[in-house]
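Shown next, in structure tokens, is the structure this report addresses.
The values are calculated or read from the model by the stated rules, or taken from the named source; none is laboratory data. Since we're looking at a predicted model, the values are computed, not measured. Cβ placement follows ideal geometry from the backbone for every residue including glycine, while neighbour counts extend to all protein chains displayed. When the accessible area is computed, the model is the full protein with side chains, heavy atoms only, and any ligands, DNA or RNA have been set aside. Shrake-Rupley method; radii C 1.70, N 1.55, O 1.52, S 1.80 Å.
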Amino acid sequence: MDSKNFKLSIIIPVYNTEKYLKRCLDSAINAVTPITDQVEILIINDGSTDESEKIIQKYCECNSFIKYFKKENGGLSDVKNYGLKRATGEYVIFLDSDDYVEKEMYIDMLEIAQRENSDIVVCDIRLAYDDSLKDSEWSCTVESRNDVFSKIIDMSMMPASWNKIIRRELYDGMQFPVGINNEDVAVTPIVLARAKKISVINKPYYNYYQREGSIQNSEFSEKRFVILNTVKMCIDQFNKIDPVKAEKIKGSLYMHQVLSMALYPIRKQKFKLRYHLLKKYMEKVRMDFPDLWENQEIKESLQWEGRRMRYFRKISYGLLKNRLYLMTSLFWTVCNYSLKIYNNRNKR
């Protein structure tokens, strides 16, 4: 089949994931079996040192729509850039090699994209654990918002590139930042803003596997502060997009990426380490994002719903803005109340 007729390119970066790779590839193949003439799967081995290559080669022998590439290790961003240069589909999507998808995912998303002439189609996410009783579903939208763009932007996992099929041309001129984590934060929001039409499927088609040792679930260190760098990289590209959309994106990045680092992983550290990390982190936040507390989205997000929250939100806003929380344990009590409201807006 001529490459120009491919509807979808699925890019799968692989690095030492032999334990999970078969499940991932099986799910992808099952999801495209009825439409293999419309799809190409690009598997990119980023210098794996385990048995990943042998597994990949076996799948390539049986599936002609799989294209295999092997390169020196360059990190996830480098692989994504590499894959985008070689993808030929009208739409592209990424699939992490330790995750897996439901069999309806790509067919349903392509159908909606074609029917509605969408530039992007987004689906819900399932956080998948070894113990399935722990599984939880995350909507790709916040229904309290008025328009589709705002509903998608105001979601904590908005930057993820693996629950979205995206018209390939929207990535033109974009590069995932090589050598740092949280690479999607620097790129996906800009791509979303470029889209003229975004469609939504509120079904959890993407299984985001929560494994020990992954970047997001590993022991916390100051290396995780890199989120501030990728947020800044995104904001630095606001000249490429509509200013109204840019302001909405900024509010989401401040709330769901910048402040969430303090509210979630840092909050869980032991007291002395927590104090040290918060102090250093918030000093960097103040320097990099001096307008954070004046952002309208942040102001709205801090106005927690409900009469019983009125007292706590006043305290939490004062402590956050004046940074006194570094010296009091009361802030953590406030956080626990506030996070319940925050979670209810994102989790189903």
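Can you confirm whether the stretch 191-199 contains a residue that is crowded, with 18+ Cβ neighbours inside 10 Å, of a type in the set (Ser, Thr, Tyr) and assigned to a helix (DSSP H, G or I)? Looking for residues that are crowded, with 18+ Cβ neighbours inside 10 Å, of a type in the set (Ser, Thr, Tyr) and assigned to a helix (DSSP H, G or I), one finds none in the stretch 191-199, hence no. The residues of the stretch 126-140 that are in a loop (DSSP other than H, G, I, E, B) and surrounded by fewer than 18 Cβ atoms within 10 Å (Cβ to Cβ), listed by number, are 129, 130, 131, 135.
Within the stretch 152-166, the set of residues being farther than 14 Å from residue 105 by Cα, at pLDDT 95 or above and of a type outside the set (Val, Ile, Thr) comprises 158, 159, 160, 161.
Name every residue in the stretch 141-157 that is charged (D, E, K, R), in a loop (DSSP other than H, G, I, E, B) and in contact (Cβ under 8 Å) with a residue 12 or more places away in the chain, in order of residue number. 154 - this is the single residue of the stretch 141-157 that is charged (D, E, K, R), in a loop (DSSP other than H, G, I, E, B) and in contact (Cβ under 8 Å) with a residue 12 or more places away in the chain. So in the stretch 161-175, with the set limited to residues that are in a loop (DSSP other than H, G, I, E, B) and under 13 Å from the mean Cα position of the chain (by Cα), which one is surrounded by the most Cβ atoms within 10 Å (Cβ to Cβ)? Looking at residues that are in a loop (DSSP other than H, G, I, E, B) and under 13 Å from the mean Cα position of the chain (by Cα), I get 163.
Checked across the stretch 141-151, the condition of being open to solvent by less than 50 Å² (accessible area, probe 1.4 Å), farther than 17 Å from residue 109 by Cβ and among the hydroxyl-bearing types (Ser, Thr, Tyr) holds for at least one residue. Condition check for residue 62 on (1) over 23 Å from residue 165 (Cβ atoms); (2) in contact with a Phe, Trp or Tyr (Cβ under 8 Å, 6 or more places away or on another chain): one failure, at (2). Screening the stretch 83-100 for residues that are over 15 Å from residue 39 (Cα atoms) and under 17 Å from the mean Cα position of the chain (by Cα) and picking the one that is surrounded by the most Cβ atoms within 10 Å (Cβ to Cβ) gives 97. For first residues located in the stretch 234-263 and within 21 Å of residue 148 (Cα to Cα), partners that are aromatic (Phe, Trp, Tyr) and assigned to a helix (DSSP H, G or I) and lie 6+ apart or on another chain with Cβ distances below 8 Å form the pairs 245/149; 246/238; 248/149; 249/238; 250/238.
Checked against (1) in contact with a Gly (Cβ under 9 Å, 6 or more places away or on another chain); (2) on the phi < 0 side of the Ramachandran plot, residue 179 meets all criteria but (2).
The set of residues from the stretch 279-308 being modelled with pLDDT of 85 or more, assigned to a helix (DSSP H, G or I) and crowded, with 17+ Cβ neighbours inside 10 Å comprises 281, 282, 285, 292.
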